[in-house]
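J.: Below is one structure. I have some questions about it.
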Amino acid sequence: MTEFLFFFEVVLAGMLAGTMYSLVALGFVLIYKASSTFNFAQGAMVFFAVLAFVGLMELGLPFGVAFVATALLMVAVGYCTERLVLEPLMNQSHDTMLMATIGLGFVLEGLAQAVWGVEVRRLDLGIGDFPIPWLVDNLGLFVSALDVTAGVVAAALIGTLALLFKYTKMGLGLRAVADDPGAAASIGIPLKNIMLAVWSAAGIVALVAGMLWGARAGVQFALVDLALKALPVLIIGGFSSIPGAIVGGLIIGVTEKTLEVYIGPYFGGGIEGWAPYVLAIFFLLYRPEGLFGEKIIRRV
Amino acid sequence: MTQARNYPLGDPILEVSNISLRFGGVKAITDTSFKVLAHEIRAIIGPNGAGKSSLLNCINGVYKPQEGSIAFKGQVLDRISPNIVARKGISRTFQNLALFKRMSVLDNILVGRQLHMAANFLEVACQLPRARREERENRARCEEIVEFLEIGDIRHTPVAKLPYGLQKKVELGRALATEADVLLLDEPMAGMNVEEKREMCRFILKVNDEIGTTMVLIEHDMGVVMDISDNVVVLDYGKVIAEGPPAEVRSNQAVIDAYLGVAID
Amino acid sequence: MSDKPIFMTFARSDVTNFVVLMIVAFAVIPLTVGSDYWYTSILIPWLCLALAAIGQQIVMGYTGQLALGAAGFMAAGAFACFNLELRVPGLPFAGSLLLSGVIAAAFGVLFGLPSLRVRGIYLMVATLASQFFIIWMIDKFGWFKNYDTSGIITAQDIEIFGRPFTSPVEMYLVVAVVVIVLTIPAINLTRGAVGRSWMAVRDMDIAAESMGISLLRTKLLAFAISAFYCGVAGALFAFTYLKSLEPVAFDIKLSFEILFMVILGGLGTINGAFIGAAFILLFPVVLNSLGNTYFHGMIDATIMSAIEQVVFGALIILFLIYEPLGMSKLWTNLRQRMFSRKRAGDARALRKPAG
């Protein structure tokens, strides 16, 4: 029984870690849906946003004000990216756009560090990273309160966005753009506004993801590498699917945690670092479009 | 077409039997069969979306039809990839130009010679005698093609910088360079003016006459089709609705209906 | 400039370039550059990284496969070389280097397999797997590090025909010879039939296939040769520049740097690899010395490296927008302009007496 409970704990921890991956992956999906651009800078945006947030808090701003200010900052970043990077590169190949967003990532990472410094910062959200006593007492489950909060917040945010994009005019516009940008523009859908909305949403998602991760692991550069794990998540879930991002995140979270706990010891640990990528390769070989992506038929 | 040909029409070289191709639920080609004779110029015509390009894509292995078979020189080409089909002797051009944009005209045509070059990468890296000889001989061969197509003055220009008509010519040159027995030409004259079309026809006829290459071409300009083709296949909704010499096909009622009153001449 | 393989035609421009290069590399530099700093901190790392950039160039610039794992293959080469030197007595250093490259190439083929199914970002993720996996493997299996627990292993001294090559100048000479010897075949490959098939696959894969090119063989060959160059470069990097072997030296940051070298230097050119490597290596040096001169070291080194990052990132974007062919193209343009101005001057000089 305890063995099963332990397994359950491992899976649960994996799922909760997975929601965080999902959150970063969601940022990628939003931008990919709207512009077919793969925004490699999403990880850098996570780092940039949370570092700015912590920096503003250190300047003495209250939590709420710092959050709103950082959110506005992320909207500004989205606007600049749209005007300075994406517009001049319109109609270029996807590979070119991808390389440009790699450049963008470096700019954001460097900028954040140049302004706020490089030391690791603590971010205290007022939620402890320790097991919830009630669960320990009643079920014998050791699950961190922070993990649970993170999972709930991530789920709420993902749900809100999904609803927004389903039921608002903006969301409808986004779906039209995702389907056929040329046709959408020709019937008067404001492409630029939609792009700005999408980049802003991605920026705010990045901020929330950064705060949750920062609270656990400290606000530091390693967040960028952690965010890279959203890539295998996307491959498994499909690049253009919000449910895909969620399920992909959960799969990656659970897989890497169980592998680490049950197989890791035989190799001296560290499997977490590459297991998601290798899992992604298997998906690439057998189902390149991901679980929820559309099958791509190349026509000549 | 009345004078005696260097290469009179021969036996079937390409046999398409009962091909069906679907994309998901969409039927592109349904139960299509026809035979192309050696050394002939065969036109495939039909309204937009009739499945003409899909048919060429099936023949050279870009698409894999769900049913039916294609035989080349009596040998069935079963589920094989375009590079193998090319090595067996079927080359092609594409509807929407598929040139190597960042390479020069000469390099594009040289890629067509690739299947005649056997030196491996070590020989090329160290420029061993075989690699050197092959490079020299094939460059010379491509220079001949460049001369033939009268594009000598642009041989070193990257193709992306060329106007459309010239790019079409380069693509023909690349296909010719393979020295294939059968050339599949997907709308070789689309978007050309009368002058350019006439020139392209001249090249096609000349190649057919001097080397005996079999040509299967998709063309919308009925005047061109009537002028240069030996036989015509008419497709509509993925099916063959008529087949035969141009004069016969143009008076066929089904063909006239398919074109919905569009004058065919 | 000739577009044909070297040795095929002995084009005059190639021969003169080659002679000038040999004189500069093996006479001018060793005779005039006295300070060890130049060898150990600039020339040696520049040549090593340029070699790795050639590898990246082959797979990305020529074959159009967006791969991001050069440092992983460098690590494979470096540790292969360490183990060959350690465990195979009597194997000459050149043999170790060559085999290191071959071992890295095997990894290249393995991790190049996904390129047969996917492209773009998908491929990038697959190649990232190689980066993380190779570093992890070396780190976790003691055998690769000869059960050394200190984390940093000293590289063996280079010995050629029983003579040690340990001084900065000597090591520079070793690196220069290897890099030149390997650059020539790279040029031949890219200008010859192999390069044409790579570029054909890059520009329009379906058309390439329809011309009889096997995508499987062409892509895997590109991955193998790319990883070979990275492997040899990694071994040289460890043995002559780092003088030690530590997996962290080959982390993803180095892969990004090599990617940047190729993009900034110019995709699809061999000299772009050298120009890009020089820029990525020298820019921080210049930035630091500027900082020291004008701010007297008041700016923190970490801030400097953050500024560096911003500049690299911004340059990537600017080059993609304004000159996708990179610095190598800027260089050609400059040379052409100088050349045409000179010619225009000559023409004027000729016209004058007539008029």
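None of the figures in this text is laboratory data; all of them are computed from the coordinates on show. For clarity, every value in this text was computed on a predicted model and none was experimentally measured. Don't worry about glycine lacking a Cβ; one is built from the backbone with ideal geometry, like all the others, and counts go over all protein chains shown.
J.: For the protein assembly as shown, what is the charge dipole size about the Cα centre, in debye to the nearest 20, if Lys and Arg each add +1 at the Cβ and Asp and Glu each add -1 at the Cβ?
T.: Computed charge dipole of the protein assembly as shown: roughly 1640 debye.
J.: Same structure again: Where does the charge balance sit around residue C:138 when Lys and Arg score +1, Asp and Glu -1, over other residues with C-beta under 14 Å from its C-beta? Before the final figure, lay out each step's value.
T.: Numbers: positive: C:140, C:145; negative: C:139, C:148, C:246, C:251.
Once positives and negatives cancel, what remains is -2.
J.: Roughly how many nanometres apart are two label points built 7 Å out from the Cα toward the Cβ at residue C:300 and residue C:216?
T.: 5.5
J.: Hey, what did chain B get for relative contact order, percent, Cα under 8 Å, at least 6 apart? Show your work: numbers first, answer last.
T.: Values: 469 pairs, mean separation 70.0, N = 265.
Value for chain B: 26 percent.
J.: Taking neighbour Cβ counts within 10 Å as the exposure measure, how do A:83, C:163, A:121 sort from fewest upward?
T.: With the fewest neighbours first, A:83, C:163, A:121 line up as C:163, A:83, A:121.
J.: Another one. Work out how far the C-alpha atoms of chain B reach from end to end along every principal axis, then list the three figures in whole Å, largest first.
T.: Principal extents (largest minus smallest coordinate, Cα): 62, 40, 37 Å.
J.: If R₀ is 60 angstrom, what is the calculated FRET efficiency for the pair residue A:7 and residue C:17, using the beta carbon separation as r and rounding to 0.05?
T.: After rounding to 0.05, the efficiency reads 0.35.
J.: Search the structure for amide H atoms under 5 Å from the amide H of residue B:13, placed 1.01 Å from N in the peptide plane, and list their residues when 5 or more places away or on another chain.
T.: B:36, B:37, B:38
J.: Measure off 7 Å from each Cα along the Cα-to-Cβ vector at residue B:153 and residue C:330, then give the distance between these two points in nanometres to one decimal.
T.: 3.5
J.: When the Kirkwood radius is taken over all Cα pairs of the stretch A:66-150, what Stokes-Einstein diffusion coefficient follows at 37 °C and 0.692 mPa s, in µm²/s?
T.: Translational D for this selection: 196 µm²/s.
J.: Given an 8 Å cut-off on Cα distances and at least 6 residues of separation, report the relative contact order of chain C as a percent.
T.: 29
J.: If you don't mind, there's one more thing I want to ask. Over the whole of C:124-137, what's the average partner chain Cβ count within 10 Å per residue? Rounded to a whole number, please. Write down the numbers at each step before the final one.
T.: On the way: counts 7, 12, 10, 2, 8, 11, 4, 2, 10, 6, 1, 3, 9, 3.
Mean number of neighbouring Cβ atoms from other chains: 6.
J.: What's the long-distance tail for the stretch C:94-193, i.e. % of Cα pairs beyond 22 Å?
T.: Details: 2719 of 4950 pairs.
That tail contains 55 percent of the Cα-Cα pairs.
J.: Okay, moving on. Going down the list B:27/B:64; B:52/B:239; B:88/B:197; B:88/C:219, which pairs span over 19 Å between their C-alpha atoms?
T.: Working: B:27/B:64 13 Å; B:52/B:239 10 Å; B:88/B:197 30 Å; B:88/C:219 22 Å.
Over 19 Å Cα-Cα: B:88/B:197; B:88/C:219.
J.: How big is D for chain C, in µm² s⁻¹ as a whole number, if Stokes-Einstein is applied with the Kirkwood radius of its Cα pairs at 4 °C and 1.567 mPa s?
T.: Translational D for this selection: 60 µm²/s.
J.: Hey, what did the stretch B:50-108 get for relative contact order, percent, Cα under 8 Å, at least 6 apart?
T.: Dividing the mean separation by the residue count of the stretch B:50-108 yields 27 percent.
J.: Relative to the Cα centre, what is the charge dipole magnitude of the stretch A:29-228, using +1 at the beta carbon of each Lys and Arg, -1 at the beta carbon of each Asp and Glu, and rounding to the nearest 20 debye?
T.: Value, rounded to 20: 480 debye.
J.: What's the magnitude of the charge dipole for chain C around its Cα centre, counting Lys and Arg as +1 and Asp and Glu as -1 at the beta-carbon? Answer in Debye, nearest 20.
T.: Values: 24 positive and 19 negative charges, 313 e Å.
The calculation lands at about 1500 debye.
J.: Restricting the count to DSSP beta bridges whose residues both fall in the protein assembly as shown, what percent are antiparallel, rounded to a multiple of 5?
T.: Here the share of antiparallel DSSP bridges comes out near 65 percent.
J.: Anyone know which of C:69, C:120, C:231 comes out most mobile in the 10 Å Cα GNM of chain C?
T.: Maximum fluctuation in the GNM of chain C, among the listed residues, is at C:120.
J.: Tell me the label-point distance for the pair residue B:78, residue C:253, using the 7 Å Cα-to-Cβ offset, in nm and rounded to one decimal.
T.: So the label points at residue B:78 and residue C:253 sit 5.8 nm apart.
J.: In whole Å, how far is the Cα centre of the stretch C:283-305 from that of the stretch A:12-91?
T.: So the two Cα centres are separated by 30 Å.
J.: Another question about this same structure. Assuming R0 = 56 Å, can you tell me the calculated FRET efficiency for the pair residue B:116 and residue A:138, based on Cβ-Cβ distance, to the nearest 0.05? Before the final figure, lay out each step's value.
T.: Numbers: r = 78 Å, r/R0 = 1.39.
The value I calculate is 0.10.
J.: Let me ask another. Who wins for biggest fluctuation among C:162, C:142, C:272 in a Gaussian network model of chain C, springs between alpha carbons below 10 Å?
T.: Of C:162, C:142, C:272, the Gaussian network model singles out C:162 as fluctuating most.
J.: Let me ask something additional. Hey, what number do you get for chain B at 222 nm if only DSSP H runs of n ≥ 4 count, each worth -39500 (n - 2.57), divided across all residues, to the nearest 500?
T.: About -10500 deg cm²/dmol.
J.: A further question follows. Over all pairs of distinct alpha carbons, what does the Kirkwood formula give as the hydrodynamic radius of the stretch B:100-178, in Å? Walk me through the intermediate numbers first.
T.: Numbers: mean 1/r = 0.0782 Å⁻¹.
Every distinct Cα pair counted, the radius reaches 12.8 Å.
J.: What does the structure give for C:250-260 when I average, per residue, the other chain Cβ atoms found within 10 Å of the residue Cβ?
T.: Partner Cβ neighbours, averaged per residue: 1.
J.: Mind pulling up the Rg/Rh value for the stretch A:29-228? Radius of gyration and Kirkwood radius, both on Cα.
T.: Rounded to two decimals, Rg over Rh is 1.02.
J.: Sticking with this one: Just counting partner chain Cβ atoms within 10 Å, what average do the residues of peptide C:316-326 show around their Cβ?
T.: Numbers: counts 9, 13, 5, 3, 10, 8, 1, 0, 5, 1, 0.
What the average comes to for C:316-326 is 5.
J.: So, one more: For chain A, with a Gaussian network of springs between Cα atoms less than 10 Å apart, report the residue from A:223, A:207, A:89 with the top mean-square fluctuation.
T.: Among A:223, A:207, A:89, the largest mean-square fluctuation in the Gaussian network model of chain A belongs to A:89.
J.: Hey, what's the per residue convex hull volume over the C-alpha atoms of the protein assembly as shown, in cubic angstrom?
T.: Measuring per residue, one finds 233 Å³ for the Cα hull of the protein assembly as shown.
J.: Could you work out the helix-only [θ] at 222 nm for chain A, with each DSSP H run of four or more residues adding -39,500 (n - 2.57) and the total divided by the number of residues, to the nearest 500 deg cm²/dmol?
T.: On the way: 14 runs with 218 residues, N = 300.
Using -39500 (n - 2.57) per qualifying helix, the result is -24000 deg cm²/dmol.
J.: Using Cβ counts within 10 Å as a stand-in for footprinting exposure, how do C:4, B:206, A:257 rank, fewest first? Walk me through the numbers before you get to the answer.
T.: Numbers: C:4 18, B:206 11, A:257 23.
Sorted ascending by nearby Cβ count, the order is B:206, C:4, A:257.
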